[in-house]
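Bear in mind these aren't lab numbers, they're just calculated from the coordinates by the rules spelled out. Computed from a predicted model, the values in this text were never measured in an experiment. Quick reminder, even Gly has a Cβ in these numbers, built from the backbone with ideal geometry, and neighbours come from all protein chains shown.
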Amino acid sequence: MVKLIKSGVYYMDGRLVKENVAFMVESKKQAAIKGTMSYAVLKTHNKGDESNLKIGFDALVSHDITYVGIIQTAKASGLKEFPVPYTLTNCHNSLCAVGGTINEDDHLFGLSAAKRYGGNFVPPHLAVIHQYMRECEAKCGAMILGSDSHTRYGALGTMAVGEGGPELVKQLLGQTYDIKRPEVIAVYLKGKPQKGVGPHDVAIALVAATFKKGFVKNKILEFIGPGIKNLSMDFRCGIDVMTTETTCLTSIWETDGITEEFYKLHGRENDFKPMHPTQPAYYDGAVVIDLSRVEPMIALPFHPSNAYTIKEFLENADDILAEAENKGNQLLKGKGTFNLRDKFKDGKLHVSQGIIAGCAGGSYENIAEATEILRGGSCGNGEFSLSVYPQSQPVFKCLADNGYVSELISTGAVLKTAFCGPCFGAGDTPANGGLSIRHTTRNFENREGSKPSEGQLAAVALMDARSIAATAANGGVLTPATEVSYVKKIKKYFFDKSIYENRVYHGFGKPDINAELVYGPNIADWPEQIALTANMLMKVVSVLKDPVTTTDELIPSGETSSYRSNPLRLSEFALSRKDPLYVSRAKEVKRDEEKRRAEGVLPENILGEVGISVPKDTLYGSVVVAVKPGDGSAREQAASCQRVLGGVANIASEYATKRYRSNLINWGMLPLTCKNLTFAIGDYIYIENIRSAISGNKPVISAKLISGGKVKDIEFETGPLTEEERRIILEGCLINYNKKK
């Protein structure tokens with residue numbers, strides 16, 4: 001089904017050839033390296049050298065959880081107008097159901113910012129962020145940067161990257177996205193999917209094969225091969241958006257007549273161009289997927305990589321569910337009992353809810369084919385329920401025009417407007433102990449909205465829309481779509497552009513300096529951050545020992561979304577799911593630092609007892625220790641909340657994603673790594689001459705660990721830092737850096 005090739009390969013004559021078999025001389029290899037589509041796209045956007053890329057993007061996009069903070073940061077840094085098309089969508093806080101008026105206040109701010117700075121504004125319920133960008137902004141050979149981790153339009157020939165908000169701020173200020181040239185991995189597709197297999201089945205199989213091995217981390221996935229022609233555009237986009245879960249940097253696909261038809265259908269013929277690697281093209285490794293061998297998949301809680309074929313799962317359900325139960329009970333920490341095996345009876349798994357939604361699940365083809373599977377049937381009147389969210393109003397309208405909406409509703413399914421809530425825990429939260437099957441992007445813990453700290457925990461398993469529909473037709477009993485009989489042929493899709501023409505505000509290139517920004521009472525400025533001083537004293541206030549820590553655990557998703565425009569209120573939720581005492585510990589350090597600065601001395605003789613004299617020119621702050629933090633969402637608040645609370649660094653074995661490490665840097669926090677994480681809450685770490693070490697780009701930083709009254713010499717690394725990143729850290733954050741410029 002999925003095979004990994006860990007050595008270099010050449011794409012020659014339509015097939016992959018291992019490097020040690022191709023026997024290419026070095027000059028031909030160097031030419032082949034430049035033969036990838038990735039190289040060609042990066043070259044046209046690069047303002048740096050061959051190894052150190054400085055990328056300028058063609059367009060930007062954000063949703064209503066992130067754009068307020070981004071615009072506030074850019075405004076504080078001197079923003080005058082949006083230099084490239086910047087689209088503000090409203091698909092995360094669109095329900096306006098939490099926190100009084102503050103969600104709609106953010107939307108008014110977004111519209112006013114689009115008017116003032118010259119941007120595009122997509123009102124709530126009209127489209128989820130990534131579908132709108134597919135329909136209206138993606139272009140072959142272009143690059144788009146978004147403040148959402150699932151910013152992926154590679155299937156349309158657009159290299160798109162999901163990053164934290166500060167990286168978008170840099171683009172708004174005419175700066176660049178700086179990165180070492182990434183490796184490129186070929187994803188070679190062959191064969192044709194069998195009936196009942198959908199894009200999520202292929203995507204889950206891809207994530208399962210690559211994530212745990214870190215095989216494609218921070219690399220580019222380049223989709224090639226004869227299997228592409230057997231996939232519709234909806235199918236390709238459904239695979240592509242899930243590449244985020246492999247931890248790759250971005251993706252790009254070969255384009256063809258199907259791609260051209262998509263652009264023509266959306267009235268943008270001129271945005272299409274053929275894209276193919278020149279042969280031979282060299283790749284740093286490869287993933288080979290035989291589409292004909294992919295079976296219906298299920299990704300069990302609590303990660304998309306925790307995947308099995310549905311057949312394999314049902315044959316080993318008790319053991320597999322026991323593992324998930326164990327993880328769930330660890331999350332509950334004795335505040336309740338999590339049980340999944342009670343849902344497996346007489347060889348059948350009974351689920352309580354089905355969801356088809358968002359940028360991954362809510363496509364026209366997914367919903368239309370799911371309807372055909374359910375046609376003439378019923379979702380039942382028991383515990384099981386099915387909710388369907390078309391990913392845009394044009395998709396919804398075509399489903400209605402072609403009769404799918406009425407047929408789907410008649411089965412007992414509920415149709416709702418375009419909304420990302422089920423993907424991050426702000427919509428359709430199941431009952432405590434419930435099991436939801438979802439065609440959405442993620443099934444991390446709490447992504448369905450439960451609160452383990454209060455003894456509430458449900459679970460999400462990811463599946464394709466087709467098998468979700470088959471399960472719905474079977475009364476909530478888990479059923480792969482390959483085992484049901486249905487007519488796969490669906491009616492042709494038509495795009496109605498008048499929907500967006502009548503409702504979207506198109507303001508790019510038309511800034512109005514007289515337009516006032518509309519501020520609601522919850523929209524607050526970023527608090528001032530202190531520049532890095534000569535020396536640094538850190539107190540360990542949280543130690544996270546999980547193998548991987550997601551951004552959802554660093555700053556929760558669903559319940560915090562309404563406070564993303566208020567840094568101080570939002571910071572109260574930091575690490576609340578993993579370490580409820582973190583905020584109080586961090587605040588104590590922050591109060592001590594503020595007192596020290598006011599009085600000129602440390603509030604307590606912290607290090608005197610071990611014979612260390614701390615100079616006055618020392619920054620005192622808190623530090624979080626984690627094994628591998630930052631998997632998942634691009635949200636900058638995972639880092640900025642720590643900074644607002646007085647955080648000055650993270651210490652890790654490694655960082656799960658480039659984007660989280662970048663978020664730390666852009667908020668003036670040191671991204672330290674250490675080989676041996678033998679730290680405890682309450683430990684102190686003193687780094688003398690840290691400012692000189694950063695400005696001098698020292699690869700190794702010496703420090704002293706003070707633990708239990710004893711002093712130990714230790715060493716940290718920051719990893720490669722660009723000149724700009726070093727200056728941002730020295731100034732205390734990106735805002736300070738730009739103000740000084």
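Numbers for the structure displayed
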item: Derived scalar couplings ³J(HN,Hα) [segment 214-227; Karplus, 6.51 cos²θ - 1.76 cosθ + 1.60; whole Hz; x for Gly, Pro]; result: x, 5, 10, 4, 6, 10, 9, 9, 10, 8, 9, x, x, x
item: Cα centroid separation - segment 397-431 against segment 200-223, whole Å; result: 29
item: Relative packing of 152-161, 231-240, which averages over residues the other C-beta atoms within 10 Å, highest first; result: 152-161, 231-240
item: Theoretical FRET efficiency, 1/(1+(r/R0)^6), r = Cβ-Cβ of Lys192 and Lys545, R0 45 Å, to 0.05; result: 0.50
item: Mean ellipticity per residue at 222 nm, deg cm²/dmol - from DSSP H runs of n ≥ 4 across the chain, formula -39500 (n - 2.57); result: -8500 deg cm²/dmol
item: Aspartates and glutamates whose Cα lies under 12 Å from that of Lys311, excluding same-chain neighbours fewer than 8 positions away; result: Glu295, Glu483
item: Net +/- balance of residues flanking Ile320 in space, Cβ distance below 13 Å, scoring K and R +1, D and E -1; result: -2
item: Distant-in-sequence amide H partners of Ser385 (H built 1.01 Å from N, under 5 Å); result: Gln353, Gly354
item: Local electrostatic count at Gly382 - Lys and Arg +1, Asp and Glu -1, tallied over other residues with Cβ under 15 Å; result: +2
item: Packing-based ranking, highest mean first, of 290-301, 348-359 given that Cβ atoms within 10 Å are counted; result: 348-359, 290-301
item: Modelled FRET efficiency - R0 51 Å, Asn326 with Lys510, Cβ distances, 0.05 increments; result: 0.35
item: Set of lysines near Lys28 by C-alpha distance (under 25 Å), chain-local residues within fewer than 8 positions excluded; result: Lys6, Lys18, Lys43, Lys180, Lys219
item: In Hz, Karplus ³J(HN,Hα) per residue of segment 617-627 (6.51, -1.76, 1.60; θ = phi - 60°; x = Gly, Pro); result: 7, 10, 8, 10, x, 9, 9, 9, 10, 8, 5
item: For Ile224, distant residues with modelled amide H under 5 Å away; result: Val187, Tyr188, Leu189
item: Mean Cβ count within 10 Å, highest first, over the residues of peptides 549-555, 135-141, 8-14; result: 549-555, 135-141, 8-14
item: Candidate lysines for bridging to Lys712, where Cα separation is under 17 Å - those fewer than 8 sequence places away on the same chain excluded; result: Lys539, Lys675, Lys704
item: Neighbourhood charge, 11 Å Cβ-Cβ cut-off, centred on Thr309 and excluding it, Lys, Arg +1 and Asp, Glu -1; result: -2
item: Segment 278-312 versus segment 497-543: alpha-carbon centroid distance in Å; result: 38
item: Listed residue pairs exceeding 30 Å between alpha carbons, taken from Lys616/Lys698; Lys3/Lys416; Lys416/Lys489; result: Lys3/Lys416
